[in-house]
Structures are given as structure tokens and as C-alpha cells.
Amino acid sequence: MSTSKLFESFKLGPITLANRVVMAPLTRNRAIPEGLIPSPLAPEYYGQRATAGLLITEASQVSQQGQGYQDTPGIYSDAQVAAWKKVTDEVHKRGGKIFIQLWHVGRISHVDLQPNHGNPVAPSAIQAKTKTFVGGQFVDVSEPRALELKEIPGIIEDFRKGAANAIKAGFDGVEIHGANGYLLDQFAKDGANKRTDEYGGSIQNRARLMLEIASAVAKEIGPERTGIRISPVTPANDVSDSNPQPLFDYIVDELNKLKLVYIHVIEGATGGPRDIAPFDYASLRKRFSGAYIGNNAYDRALADKQLDANAADLIAFGKPFISNPDLVERLKRNAPLNEGDRATFYGGGAKGYTDYPTLEPAQAAQ
Ligand SMILES: Cc1cc2nc3c(=O)[nH]c(=O)nc-3n(C[C@H](O)[C@H](O)[C@H](O)COP(=O)(O)O)c2cc1C
């Protein structure tokens, strides 16, 4: 056993996490197509991973318009809330804590997923050079249309309702998805936002939607239950900014004023190199009084290093959690990790979802 900080408890707002290991949000495309409600296997999947200090669910759209891929769950209907309640009950029964990630994909979508087969929405009518998964295959994302100014309050309202629904469903809090080239990141970064109204141009204007949503969600459920995920330099989904440091310094200063409980920072390219572009993450850490969750390509050694250097409070693991339900135990023992099966990452059933082995299945079953 180990004296690593990773296994010490941590107070996150009103809740106490058993350790500093976080399960990163992971889209698994297994929602039931009718109603886009979480899979009946989801309680078991998340329950198996409940030894993490904090679980963050797969991204869950706050409206039909916010959906960008086949079979992702929502958090806007009563049926979705009821199904999520089964997930939170199971996780809590096993002693875990769980936040839901609230999602609007913006332009990363396809007309087949949109209300009345309309165009996906974006800050500006610029098509992303990327694909989405719809109708069982990868296809180019559809051409988006620019959101009208009068539509923006409706989007903020969808996030507010999503947060209220999350609390109804028994979640300990929510994570606003501000990362990876989806709607809020599209607004924030000047590569995707060419607007000339108060949501485009200056840093303050481009950050406005993210901050208004953070403010509305915090007001609805409390800032101590509201976290946000950002990815300052990832090129994911064809979004980039000409000068990300002052943009994210400003965003984090403002999030700090809102007293959010955490910022969850993807360091580098999501799922890629941590050093893809120069960026001073310590600057974000310094500006924010709440918790800092670090993510991207962490292993035990890097987690220890960052925690010991006080560069982060919590460490989120993504892919390792797909294939290792008992990741915390394995990290503690420095035990080998199961390899993930990429063919079952996105879509399917129990295979590659709830059937990864733990270190000692016999013991775990007792
Ligand atoms: C299958 C898969 C699904 C993902 N889904 C999401 C998601 O829903 N929301 C999100 O913010 N990031 C998502 N990510 C990114 C991960 O949360 C994480 O940032 C990334 O995998 C890097 O962390 P890791 O090196 O520990 O895997 C996903 C990654 C993978 C591999």
C-alpha cells in the first residue's frame, strides 16, 4: 500500500471524496435510442467504478439540439431523469459520488439528430472539418447556422434546467462541458467565433456564453455543486484560439468570482500530447480558489508528481477507467492495467462496458 496523496480524502464543497482519483467523462453511446435514456446497464457500469473519489458521467445533452452523436443520453426529459436516478442510487449505495456532465455540441452534429432535421447551431456558420457518428457510421458534421442573439437565452435556460434535473436525479453536482470544441468552446475561441455582437470579438464577449451558463447553473443548484471542464489548447473538433492564455486566464478569473467548486482542465491535446502547445496551467491554478482537476495521459507517477507539487487537487483518468473498474485499487498496488478494447468504446452492449475484470473477482464478489 502507498502513502501517495492520490488516496487521501478530499473535501469538494459539501461532499467528501474518498480519494483524489476522478473518473473522467466518457461518452459510450449506449443510451436507448427511444427517448435517449441511459442504458439499463449504466447503473452497473458506474457502480463498478464507484471506488473513484468522484465519477463524472459521460456528456449528456441538455436538449435535442445539443446532441451530436448517436445514442448519447440526455438530461431534459422525465424518463431520462428517472433512468439517471437508478445510476446515482447505485453509485451512492456503493459509497461513491457522482456529477453529470452537461453538454451542448453546437456545430458538431448532423441534421439527422436535430429537431426537424434543421442545421446544427454554432456561434458562426463555419463547418468544422470533423466527423460524427450517426446511423451506424462516421459522417461529416453538417453545415451549421449561426445562432441568433434572441436564441441565446434559451440555451442558457436549457443548461439551467439540465442542472435542476440533475439534482432531481440524485447527482451530487454537475460539470458544465466547456471543452473539446463543443458549443461553449466554439464561442470562446476565435477560430470558430466570428460574431460581431456581444458574444463575439473581445475575450470578454467570447467568454460571455460560458460564464452566463456557469452563473445560471450556479444560481440554480449552488456554486458548491457546479464544476466546469475546459481545454485551453486542444485542437479537438477543429477549434482553436489565436491566443489562449489571456482568454483562459480571464475565464478562470471570472469562474473564481462565481465560486465554482472546481475547474477540470484538459492539459494539452485531449487524448494526445500534453505538450502540444505552450500553456501555463499554473496560472489557472493560481487564479482559482476552488479545486483544480488535472486530466490527460495521467498515470500513477505523473499523478503523484502533480499532487506533490500542488499543481492539482484531483486527477481525472479517462481511458484507464474504461477498462479498469477497480482502477483505484490497481493504482494503489501499482498493478498492471487491462488494455481497453477500442472497438467497443463507442456503442454496443455489455461487452467492453461492464465485463472488464477486476484484480480479484472472487473477492470482489463477496
Ligand atoms: C471513449 C471516450 C469518450 C470520451 N467522452 C468524453 C465526454 O463525454 N466528455 C468529455 O469531456 N471528454 C470525453 N473524452 C475525453 C476524456 O474525458 C479524457 O479527457 C481523455 O481520454 C484524456 O484522458 P486519459 O488520457 O486519461 O484517457 C472521451 C474520451 C474517450 C476515449
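The values are calculated or read from the model by the stated rules, or taken from the named source; none is laboratory data. Computed from a predicted structure; not experimentally measured. No Cβ is skipped: glycine too gets one built from the backbone with ideal geometry, and neighbour counts run over all protein chains shown. Heavy atoms of the whole protein, side chains included, go into the accessibility calculation; ligands, DNA and RNA do not. Shrake-Rupley method; radii C 1.70, N 1.55, O 1.52, S 1.80 Å.
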Decide, for region 151-217, between rounded, prolate and oblate: order the square roots of the alpha carbon gyration tensor eigenvalues as a ≥ b ≥ c, take rounded if a/c falls under 1.5, and otherwise choose prolate if a/b is larger than b/c, else oblate.
-> prolate
The farthest towards the positive end of the charge dipole of region 5-364, of the residues 173, 37, 240, given +1 on Cβ of Lys and Arg and -1 on Cβ of Asp and Glu, is 173
Reachable aspartates and glutamates from residue 319, criterion Cα separation under 20 angstrom, eight or more residues apart if same chain = 44, 58, 71, 175, 267, 275, 299, 304, 329, 339, 341, 355
Charge dipole (the chain, unit charges on Cβ, about Cα centre) - positive-most of 335, 135, 108 | 335
Place a +1 charge on the Cβ of each Lys and Arg in region 267-363 and a -1 charge on the Cβ of each Asp and Glu, then give the dipole magnitude about the Cα centre in debye, rounded to the nearest 20.
-> 200
Cβ charges +1 (Lys, Arg) and -1 (Asp, Glu), total dipole of the chain, debye = 520
Beyond 30 Å, what percent of the Cα pairs of the chain remain?
-> 32
Among DSSP beta bridges lying fully in the chain, give the percent that are antiparallel, nearest 5.
-> 20
With the full set of protein chains in place, find how many percent of the accessible area of region 5-364 is carbon and sulfur; take the probe as 1.4 Å.
-> 52
Relative contact order for the chain using alpha-carbon pairs under 8 Å, separation at least 6, rounded to a whole percent?
-> 16
Averaged per residue, what accessible area in Å² does region 5-364 show with a 1.4 Å probe, protein chains only?
-> 38
Toward the positive end of the charge dipole of the chain, about the Cα centre and with charges on Cβ (Lys, Arg +1; Asp, Glu -1), which of 98, 61, 156 goes farthest?
-> 98
First check a/c for region 51-127, with a ≥ b ≥ c the square roots of the eigenvalues of its C-alpha gyration tensor; if it is under 1.5, answer rounded, and if not, answer prolate when a/b is larger than b/c or oblate otherwise.
-> prolate
